[in-house]
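Asker: Here you go, one structure.
Any read-out appearing in this document is the output of simple, stated calculations on the displayed coordinates, not a laboratory observation. None of the values given here were measured: they were computed from a predicted structure. In this analysis, Cβ positions are derived from the backbone assuming ideal geometry, glycine residues included, and neighbour counts consider all displayed protein chains.
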Amino acid sequence: MAPSNVSNPLLGLSGFPGLETVHHWIGIPIFSAYLFAMLGNCTILYIIWTEPGLHQPMYYFLAMLATTDLGLCLATVPTVMGVLWFRLRGISKLACIAQLFIVHSFSFMESAVLFAMAIDRFLAICLPLRYAALVTPTKVARVGLGLLLRSTLFLLPPVPFMLRFPYCPGAVLSHSYCLHQDLIRLACTNTTFNSLYALSLILLTMGSDLLFILVSYSLILKTVLGMTSGDEGHRKALGTCVSHLCAVLVFYVPVLGLSIVHRFGQHASPLLHVVMGNIYMLLPPVMNPIIYSIKTKQISSRILRITSALNPFWKKRG
């Protein structure tokens, strides 16, 4: 949808370029992925909430991760499905800025939670005798609040600039939801501050989070290799980290891919932008519940009990 003027533009949202005639079919697997992600993360939260044995710091961090993934889904599903199923190809400037603020806040929060989970694993494996004193539910709550404030307050400075930017007529975003780098690309003015601030913020937050995660795991690996309890002890210690490492890869690989496409893929196919945007948004929320359900015995056993309890109900209904 082309905006009628520059001062109050209606920004365009992209579907799958060249595939507009089959958007309704493409929307089926995408909406199914959203439903699966929301159901999976709600299930993780329910199990942690109702299972007394999971009321431990490690699972509190997992609850934060599930909440973050759930927030990412809820923030983007209205515009994504609006484009694919209802041909709603426009969004107001204010709504777009609100959406990108929420999306980036949850993305930075996910990075921060993954960093906190790495520190938790480091303390549990490298300092096991002090772990209970160092990591308490109260301290976990304070850490969660601090991560939330970091993930939101640092995003505030660019917002006034985006509100004042004039956007070019006919401006169309690269995705079916709003991202900061994508939006400022459409501004008909100098966006140097926003570009530099965004790059600096990513390096200082996500970049430092990833660096500390790598340092934590190098120390964990050093500690595990120095153990004298035999191969079984090594496997048990490393086993507690496998789920987290998978979650780290599932989050940071799409982030890196989308960042490269945005900054260096100006001449790339528009379809690549859309595909990368959907992978970035859907892969972590879909995969994290699967990863933790498979690799965490307490969660997988509870899911089996739930499905077993539901089985007679569905048979009776049938």
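Asker: Pick from Ile125, Ile97, Ile260: which is most flexible by mean-square fluctuation in a GNM of the chain where alpha carbon atoms under 10 Å apart are linked?
Answerer: Between Ile125, Ile97, Ile260, it is Ile260 that shows the largest mean-square fluctuation.
Asker: Let me ask you something else. Just the Kirkwood number for the range 67-137, please: inverse of mean 1/r across all distinct Cα pairs, in Å, one decimal.
Answerer: 14.8
Asker: Do you know the Lys pair count in the chain for C-alpha distances under 30 Å, with sequence separation 8 or more or different chains?
Answerer: 12
Asker: Full extension from Ile279 to Ala133: what is 0.36 nm times the residue separation minus their Cα-Cα distance, to one decimal in nm? Present the calculation step by step, with values, prior to reporting the outcome.
Answerer: Values: separation 146, 0.36 × 146 = 52.56 nm, distance 3.94 nm.
Full extension of this stretch gives 48.6 nm more.
Asker: Taking a label point 7 Å from the Cα of Thr223 along the Cα→Cβ vector, which residues of the range 107-150 have an amide N closer than 14 Å to it?
Answerer: 117-135
Asker: Multiply the residue separation of Val253 and Leu271 by 0.36 nm, subtract the distance between their alpha-carbon atoms, and state the gained length in nm to one decimal. Don't skip to the end; give the middle numbers.
Answerer: Numbers: separation 18, 0.36 × 18 = 6.48 nm, distance 1.88 nm.
The Val253-Leu271 span can extend by a further 4.6 nm.
Asker: Within the chain, which whole H helices from DSSP have a Cα span along their axis of at least 18 Å and a mean Kyte-Doolittle hydropathy of 0.5 or more, if any?
Answerer: Span-like helices in the chain: 23-50, 57-86, 93-126, 137-153, 208-225, 231-264, 270-295.
Asker: Continuing with this model, one more query. What's the long-distance tail for the range 1-142, i.e. % of Cα pairs beyond 18 Å? Please list the in-between numbers first.
Answerer: On the way: 6755 of 10011 pairs.
Here the long-distance tail beyond 18 Å is 67 percent of all Cα pairs in the range 1-142.
Asker: If you consider only alpha-carbon coordinates, what radius of gyration and Dmax does the chain have, in Å?
Answerer: When restricted to the Cα atoms of the chain, Rg and Dmax are 21.6, 72 Å.
Asker: I would also like to ask the following. Measuring from centroid to centroid over Cα atoms, what is the spacing of the range 256-281 and the range 156-181 in Å?
Answerer: 17
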